[in-house]
Amino acid sequence: MDAKLLHRVHRDEATVYILFLCVTLKFPRVPARVSEALVLRTYPLKEADLVVSFLTRDQGKLRGVAKRARRPKSAFGSGLERLSHVRMAYFQRENRELVNLDSCELIRSQFGLVADYSASVALDYLAEVSEQLLPSAEPSERFFRLLVAVLDSLRAPGGVWRGVTYFSLWAVRLSGWLPELHVCLSCGSVLDDPEHDEHAFFSRGRDGLICNQCRRALSVGNSWELSKESRDIATEMLRLPVTNLPARDWSQATAADLRRFLVQQIEGHAERRLVTAAVLEASEEAEKQGS
């Protein structure tokens, strides 16, 4: 019972008080939207809250406030860990940059990958690249499906380097920044002509590849070669799902030049260096030294 109202009625000379009962029905608080999502990053807010950046399948990248998420008995549990696959419930208001997170149901955790140092750094890399490339509130189901597929592939033997390379290539392509990998950006010559074994080079600040002749003519400073093997790997990756790629003994050295080229493309368009890229490339050696 929410309120009691007394109403006074004059009848003849007597005053009669009539009691009205005003009862308000209380309905359960229902979130405005529930979306399948991947948690990209969290930031502390005040004493117990978190700001959460997350990629939804249907609404794109959003940011929201998870109240009391840092408390020991938080309703969010472990659902807000890096790249957790969750079902996120939230309230979204017009003209508000931050949504209000209500709860999240854990679909799949990435906790099993944390024990592998390279895989753990790979998770940081995937999250950082996604955070930098994705605009806010623009649906990108293909990017969402890319992340889910790559996260699954990281668990397979050799999956870290295969998955990271595949993700980097497709992240650049989905962002619209992937140049032609078989043609010189400067003169237009074909780099994969079987009659002329042409080398391909790239440098920071250039969007595509150039042949050796143009490299000398343009007096390009620091440059790196993108091998034909790595260009062939890129062609396979653009045609096939990550799970259907031909068997290959993947290590950090495999397609390292391709990853360098793709990271430079990302950094050039994002206009900032990726913190995790260099750490990732050094992770295999660091893991060997630590074991």
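Got a number for residues in the stretch 185-226 being under 34 Å from the mean Cα position of the chain (by Cα), charged (D, E, K, R) and in a loop (DSSP other than H, G, I, E, B)?
The number of residues fulfilling the criteria is 4.
Would you list the helices (runs of 4 or more DSSP H) that sit entirely within the stretch 67-184 and hold 1 or more residues that are over 13 Å from the mean Cα position of the chain (by Cα) and aromatic (F, W, Y)?
By residue number, 117-133, 159-174.
Just checking, does the stretch 170-184 include any residue being surrounded by 15 or more Cβ atoms within 10 Å (Cβ to Cβ), among the small types (G, A, S) and closer than 17 Å to A234 by Cα?
yes
Which of the following residues is within 21 Å of L126 (Cα to Cα) and either out of contact with any strand residue (DSSP E or B) (no Cβ under 6 Å at 6 or more places or on another chain) or of a type in the set (A, V, I, L, M) (or both): G268, G205?
G268
Please verify whether the stretch 189-202 includes one or more residues that are under 20 Å from E267 (Cβ atoms), touching a residue at least 60 places away in the same chain (Cβ under 8 Å) and in contact with a helix residue (DSSP H, G or I) (Cβ under 8 Å, 6 or more places away or on another chain).
yes
Restricting attention to the stretch 248-285, which residues are part of a helix (DSSP H, G or I) and hydroxyl-bearing (S, T, Y)?
Across the stretch 248-285, the qualifying residues are T276, S283.
Would you check which residues across the stretch 55-75 are under 14 Å from A37 (Cα atoms) and surrounded by 15 or more Cβ atoms within 10 Å (Cβ to Cβ) and list them?
L55, T56, R57, Q59, G60, K61, L62, R63, G64
Which one of the conditions (1) at pLDDT 95 or above; (2) loosely packed, with under 15 Cβ neighbours inside 10 Å; (3) outside the structural domain of S251 (by TED's automatic domain parsing) does R145 fail to meet, given that it meets all the rest?
Unmet condition: (3).
I'm trying to understand the selection: among the residues of the stretch 230-247, which are surrounded by 12 or more Cβ atoms within 10 Å (Cβ to Cβ), free of Cβ contacts under 8 Å to residues at least 60 places away in the same chain and part of a helix (DSSP H, G or I)?
S230, R231, D232, T235, E236, listed by residue number.
Under 7 Å by Cβ, and 6 or more places apart or on different chains, what pairs join a residue from the stretch 101-117 that is surrounded by 14 or more Cβ atoms within 10 Å (Cβ to Cβ) with one that is among the acidic types (D, E) and at pLDDT below 90?
Filtered contacts from the stretch 101-117: Y117/E287.
The values are calculated or read from the model by the stated rules, or taken from the named source; none is laboratory data. Remember, it's a predicted structure, so these values are computed and weren't measured experimentally. As a convention, Cβ positions derive from the backbone with ideal geometry for all residues, glycine included, and neighbour counts pool all protein chains shown.
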